[in-house]
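All remarks here apply to the structure that follows.
The values are calculated or read from the model by the stated rules, or taken from the named source; none is laboratory data. What you see is a predicted model; the values in this text were computed from it and never measured. Glycine gets a Cβ as well: all are built from the backbone with ideal geometry, and neighbour counts include every protein chain shown. For the accessible areas, the whole protein counts, side chains as well, though only heavy atoms, and no ligand, DNA or RNA atoms are used. Shrake-Rupley method; radii C 1.70, N 1.55, O 1.52, S 1.80 Å.
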Amino acid sequence: MYIETERLHIQPLTLAQLKLYAANNGSLEKQLGLKYTPKEIEPDLADALETYFLRLLPLHHDKFYFYTLWAIVLKKEQTMAGDLCFKGEPDENGEVEIGYGTYPDYQQQGIMREAIDGLLNWCARRPDIITVIAETEAGNTPSEKILERNGFQKDCQSRDNTWWKREVKELVTLKV
C-alpha cells in the first residue's frame with residue numbers, strides 16, 4: 001500500500017520500519033533503499049513515537065496505516081523529505097485527523113502540499129472517511145498556507161490552536 005504523486009512516493013511504515021525510524025540512525029533508509037540524510041526528531045514527535053505509535057501499532061494490524069507514520073520520499077532524489085500520520089481511525093461521523101511535518105532542508109518546496117493532496121485523494125476513495133481534520137499552532141503560517149492550498153477551511157480556533165476541515169467526497173480520482 002502506498003500513494004504516488006508526481007514527485008513523491010508515500011508509504012505507511014510497518015512496526016519494524018517504525019522502530020528503525022525511531023532509531024534515527026539510517027537503518028530505515030538502508031532498508032528502504034534510500035539515501036540517508038540525518039534528521040532531527042522533534043520532541044513532540046519523539047513523544048508521539050514512544051507513547052502513541054509504537055504502543056498502538058501492534059494492536060491494529062488490520063488498519064495499521066491509521067497508527068503509524070507515512071514516509072514521504074522524493075522519488076527523483078530517493079530520500080525522505082518528511083512524514084504524515086493519521087491520529088487514529090475515522091470516528092463514527094467519518095472524521096479523521098492528520099498530522100504532518102517536512103524536514104527543514106525540504107521546506108518551502110511544495111512537498112507537503114503535494115503529499116497532503118495525495119493523502120486527501122487516498123482518503124476520498126475510502127468509504128469510512130468523509131472529513132479530514134488538521135490542527136495548527138497559532139502563528140504557524142506555513143502550515144496554515146499548506147492547508148488552505150489543499151482546500152481546508154478554518155473550523156474553530158482557540159488562543160493557541162486552529163482546527164481545519166476538508167470534506168473529501170468531492171475528490172474524484174487518486175493521482176497515480
Relative to the first principal axis of the alpha-carbon coordinates of the chain, what is the inclination of helix 111-124, with its axis defined by its Cα atoms, in degrees from 0 to 90 and to the nearest 10? 60
Compute the accessible area per residue over the chain, keeping the other protein chains in place, probe 1.4 Å, unit Å². 54
Under the classification rounded if a/c is under 1.5, otherwise prolate if a/b is larger than b/c and oblate if not, where does segment 1-77 fall, given a ≥ b ≥ c as square roots of the Cα gyration tensor eigenvalues? oblate
Around Tyr100: net Lys/Arg minus Asp/Glu count, Cβ-Cβ under 15 Å: -4
In terms of Cα to Cα distance under 20 Å, which lysines are near enough to Lys39, apart from those fewer than 8 places away along the same chain? Lys19, Lys30, Lys75, Lys76
To make sure I understand the rule: partners must be lysines, Cα under 16 Å from the Cα of Lys63, and not fewer than 8 residues away in the same chain. Which ones qualify? Lys87
Taking a ≥ b ≥ c as the square roots of the Cα gyration tensor eigenvalues, with a/c under 1.5 meaning rounded and otherwise prolate when a/b beats b/c, else oblate, which class fits the chain? rounded
Got a sec? Charge dipole of the chain, +1 on Cβ for Lys and Arg, -1 for Asp and Glu; which of Gln31, Ile133, Tyr67 is way out at the positive end? Gln31
Please work out how much accessible surface Lys145 shows to a 1.4 Å probe, ignoring ligands, DNA and RNA, in Å² rounded to 10. 100
How big is D, in µm² s⁻¹, for segment 103-176 by Stokes-Einstein at 4 °C and 1.567 mPa s if Rh is the Kirkwood radius over C-alpha pairs? 99
Assuming 0.36 nm per residue, please report the length gained on full extension of the stretch Glu77 to Asn140 beyond their Cα-Cα distance. 19.9 nm
